[in-house]
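The values are calculated or read from the model by the stated rules, or taken from the named source; none is laboratory data. Just so it is clear, the model here is predicted, and its values are computed rather than measured. Heads up, the Cβs are rebuilt from the backbone with ideal geometry, glycines too, and the neighbour counts pull from every protein chain shown. The accessibility values were calculated without ligands, DNA or RNA, using every heavy atom of the protein model including side chains. Shrake-Rupley method; radii C 1.70, N 1.55, O 1.52, S 1.80 Å.
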Amino acid sequence: MKNKIITLSVALAVLTFTGCKTKSNMVDAPVSSENKQAVPFEGKELSGEFDATIDKIVDQMTVEEKSGVLHGTSMFNTAGVERLGIPELKMADGPLGVREEISRDNWSSAGWDNDFATYYPAGGALAATWNTEMAYTFGNSLGQELRARDKDMLLSPAINIVRTPLGGRTYEYMSEDPFLNKKIAVPLIVGLQDNDVMACVKHFAANNQETNRDFVDVQIDERTLREIYLPAFEASIKEAKAYSVMGAYNKLRGEYLCENDYMLNKILRDEWGFKGIVVSDWNAVHSTVKTLKNGLDIEMGTNAPFDKFWLGQPLIDSAKAGKISMEEIDKHVKRILHVLFQVKAMGGKDRAKGSIATEAHYQDAYKIASESVVLLKNDNNALPLKLDGVKSVAVIGNNATKKNALGGFGAGVKTKREITPLEGLKNRLPSSIKINYAEGYLERYEEKNKGNLGNITSNGPVTIDQLDPAKLQEAIEAAKNSDVAIIFAGSNRDYETEASDRRNLKLPFGQEELIQKVLAVNPRTIVVMVAGAPFDIDDVSKKTSTLVWTWFNGSEGGNVLADVLLGKINPSGKLPWTMPKNLMDSPAHATNSFPGGKSVTYAEGILVGYRWFDTKNITPLYPFGYGLSYTTFAFENAKTDKKSYTADETITVSVDIKNTGKVDGKEVVQLYMSKSDSKITRAAQELKGFQKVLVTAGNSKTVTIQVPAKELAYYNVKAKKWTVEPGNYTLKLGNSSRDIQKEVIVTIK
Ligand code: BGC
């Protein structure tokens with residue numbers, strides 16, 4: 001088991017810098033991103049221009065030097081070879097921003113004072129924007145920070161499919177849907193790599209649970225693997241041209257993923273044409289010769305001495321004993337030098353310098369967050385809050401002040417700016433309004449199970465769910481004595497964490513009871529959930545008239561939330577996964593196939609997420625793609641450019657979106673495909689296109705969505721290829737998977 005230090009949040013004064021080269025960072029800039037969204041994002045192919053130089057360098061390397069390049073010789077770097085001009089390859093986590101500097105030989109912080117970074121919204125938040133332009137901004141802004149920290153590779157994006165709502169890393173991952181997943185991943189990678197750095201797309205693949213992640217043997221049928229678990233990886237390679245991929249901890253069909261010939265050689269390289277490098281997850285390698293032969297390039301891990309790594313001394317010994325050829329070793333070394341040249345870490349070319357924790361980057365974080373908040377319920381238009389006559393607001397809940405940039409187990413960001421919900425309200429409410437804060441519930445864990453935080457064999461931390469009577473009373477008083485009450489509930493990054501899955505979907509720390517009691521004394525109560533993964537909020541949802549969902553939402557999260565509550569931002573986030581009424585409705589649980597033991601079979605097959613709910617006619621609490629706005633939209637004039645297409649053509653779908661309310665707003669036009677007469681089993685519907693559009697009040701805009709007919713294909717296991725079935729397809733347009741407004745039927749010849 002790895003031994004990571006659990007770092008505590010730091011709340012430091014806000015420092016601002018300027019001078020960033022990011023192209024889009026104004027908070028209130030008019031957004032007309034829909035045109036940009038329609039242009040496909042394409043990465044830069046690895047260049048062949050360095051081949052001859054690389055051959056010459058490798059000819060001069062000793063086997064010891066080659067081994068150094070092939071494995072971590074400190075926590076996040078491989079060795080360089082100074083005499084030949086090969087630098088160390090320097091990596092950093094991660095998904096929420098550039099991780100603080102870690103010591104060279106253990107997990108403790110290096111104690112630097114110049115490694116503060118911007119904390120960006122987590123993966124789920126980014127996906128909830130349903131805005132590819134935001135994904136580019138995210139990657140590009142983060143790439144600049146990575147360069148400013150003088151790193152070569154960001155261990156991100158994390159794009160595993162959300163198979164179970166309990167998954168400890170759901171907050172880090174994007175979605176339950178492969179299409180949304182890839183459409184967010186691709187621009188993110190392109191934006192990142194535009195800064196002379198490498199993305200490391202992780203965790204390849206079928207790494208969908210934390211329980212037993214070190215060894216669990218995942219069994220997935222081929223069609224499901226191709227249709228659900230691989231598309232975002234495939235697009236990351238083929239479209240975004242990601243320069244590296246991280247091999248996962250677990251096994252797939254009996255083979256560890258860091259020595260899995262089928263996945264690393266056959267699929268990744270032979271089929272997809274990947275030319276970059278495969279880096280192992282930390283301590284995920286289990287062999288020397290096999291791992292190299294089966295496609296891994298760099299072994300990373302934790303426990304020094306680093307020369308004991310499989311690709312350290314054992315590799316040198318294997319080479320000397322003739323167990324592995326020099327040709328094989330050179331192949332991997334050359335790949336690594338290639339990517340180093342590509343990002344200008346070698347070759348003496350002018351490399352991007354980047355910038356970090358700038359005001360412009362904080363504003364990027366703001367912009368992304370501003371499109372991620374999901375309005376789940378807003379009866380009687382209680383939101384945005386009308387402040388006339390409001391003299392006091394009760395702010396209730398530990399989550400009003402909880403910071404989430406750091407915490408739990410796994411990558412976090414050391415940042416000088418993390419605006420909490422309470423701070424956001426203080427910043428945005430007029431000073432004449434009194435804020436009555438009450439913590440309400442305490443974040444408490446059972447002492448005996450505390451050590452289980454981050455213990456991969458446990459199923460999540462055990463919380464203490466009894467409310468503290470004094471805290472409860474204080475919250476009730478605050479709610480009673482205020483004109484409006486806002487409760488901040490949900491989870492945090494100690495509770496949702498890498499290395500353990502949650503035990504259930506229950507709201508922790510007695511929040512359910514707190515919410516009910518506050519609602520009882522102040523009907524003008526707004527419930528805000530701060531979380532990265534689904535929770536059982538069925539009861540809360542029934543009792544409250546106003547429900548807002550926000551995320552671990554970056555440096556500016558609190559300001560964004562206040563701006564949403566007060567109406568400066570009209571919410572436009574949409575759920576990137578299904579919120580079930582209860583856990584047993586979810587496919588992995590309904591089929592009793594989570595978490596398995598030594599092995600786990602994904603029994604639901606292709607019916608992951610909403611595909612299951614829609615096909616089995618199960619009503620979710622809030623469906624995939626759902627989210628309200630302060631305005632309303634009508635869908636009119638849906639049509640396609642033709643009625644019938646060949647499998648190589650692209651279907652152009654257009655629809656007019658009319659803002660029928662009183663305020664400007666953004667809507668996500670979602671396009672689902674159904675083929676009810678299919679000869680094979682298909683989900684009731686599948687997302688095949690989307691576009692976010694800003695429409696001003698009273699006006700209308702035409703949205704055009706391109707659907708290449710090949711997107712309608714299924715993976716034909718017998719023929720080993722994607723096949724588009726001829727016949728009729730229904731294209732459904734709506735603003736959530738369960739709110740379809742228009743349908744158009746097309747024929748594929
Ligand atoms: C995680 C990776 C991460 C690595 C380095 C592993 O435990 O699974 O996502 O990049 O640690 O921190």
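Beta bridges assigned by DSSP with both partners in the chain are antiparallel in approximately 55 percent of cases.
Only the Cβ atoms of Lys and Arg (+1) and of Asp and Glu (-1) were treated as charged; on that basis the dipole of the range 633-748 about its Cα centre amounts to roughly 280 debye.
Ranking request for peptides 124-137, 525-538: highest mean number of other beta-carbon atoms within 10 Å first, then the rest in descending order. Provide the component values of the computation, followed by the final result.
On the way: 124-137: 29.1, 525-538: 24.2.
Ranked by mean Cβ neighbours within 10 Å, highest first: 124-137, 525-538.
Per residue, the accessible area of the range 542-590 comes to 21 Å², computed with a 1.4 Å probe over protein heavy atoms only.
On the chain, 50 percent of the accessible area sits on carbon and sulfur atoms, based on a 1.4 Å probe. Charges on Cβ only, +1 for Lys and Arg, -1 for Asp and Glu, centred on the Cα centroid of the range 330-369; of H338, S355, A369, which one is farthest towards the dipole's positive end? Going by the Cα projections, it comes out as H338. The packing ranking of peptides 200-211, 94-105, highest mean first, is 200-211, 94-105, where packing means the average number of other beta carbon atoms within 10 angstrom of each residue.
Going by a ≥ b ≥ c, the root eigenvalues of the Cα gyration tensor, does the range 534-657 fall in the rounded group (a/c under 1.5), the prolate group (a/b larger than b/c) or the oblate group? Taking the square roots of the gyration eigenvalues as a ≥ b ≥ c, the range 534-657 is oblate. Tell me, how many Å apart are the Cα centres for the range 300-345 and for the range 102-173? Using only Cα atoms, the two centres lie 27 Å from each other.
The label-point distance for W112 and K721, in a model that sets each label 7 Å from Cα toward Cβ, rounds to 4.9 nm.
What does the C-alpha gyration tensor say about the overall shape of the range 633-748? Classify as rounded when a/c is under 1.5, otherwise prolate if a/b is larger than b/c, or oblate. Prolate shape, in that a/c is at least 1.5 and a/b is the bigger ratio. Note on the chain: Kirkwood hydrodynamic radius from all Cα pairs is 26.3 Å, rounded to one decimal.
For the range 218-281, the square roots of the Cα gyration tensor eigenvalues, ordered a ≥ b ≥ c, give a/c of at least 1.5 with a/b no greater than b/c, which places it in the oblate category.
Dipole of the chain computed with +1 at Lys/Arg Cβ and -1 at Asp/Glu Cβ about the Cα centre; of S674, L607, I54, farthest Cα towards the positive end is S674.
Per residue, what accessible area does the range 633-748 have, given a 1.4 Å probe and all protein chains present, in Å²?
About 44 Å² of surface per residue is accessible.
This model, with +1 at the C-beta of Lys and Arg and -1 at the C-beta of Asp and Glu, gives the chain a dipole about its Cα centre of some 1060 debye.
Per residue, the range 179-285 exposes 20 Å² of solvent-accessible protein surface, assessed with a 1.4 angstrom probe and all protein chains in place. Using only Cα atoms, find the angle between the long axis of helix 326-342 and the longest principal axis of the chain, and express it within 0 to 90 degrees, rounded to the nearest 10. Approximately 50 degrees, to the nearest ten. Distance between the C-alpha centres of the range 710-746 and the range 546-622: 23 Å, rounded to the whole angstrom. Along the axis of the charge dipole computed for the range 112-250 (Cβ charges of +1 for Lys and Arg, -1 for Asp and Glu, origin at the Cα centre), the listed residues H203, T224, Y119 are led at the positive end by T224.
Here, the range 70-165 yields an orientationally averaged convex hull projection of 8.2 nm² when only Cα atoms define the hull.
At 222 nm, what value in deg cm²/dmol follows for the chain if DSSP H runs of at least 4 each add -39500 (n - 2.57) and the sum is divided by all its residues, to the nearest 500? Result for the chain, helices only: -6500 deg cm²/dmol. Residues whose amide H falls under 5 Å from that of I102, counting only those 5 or more places apart or on a different chain, are A110, with hydrogens built in the peptide plane.
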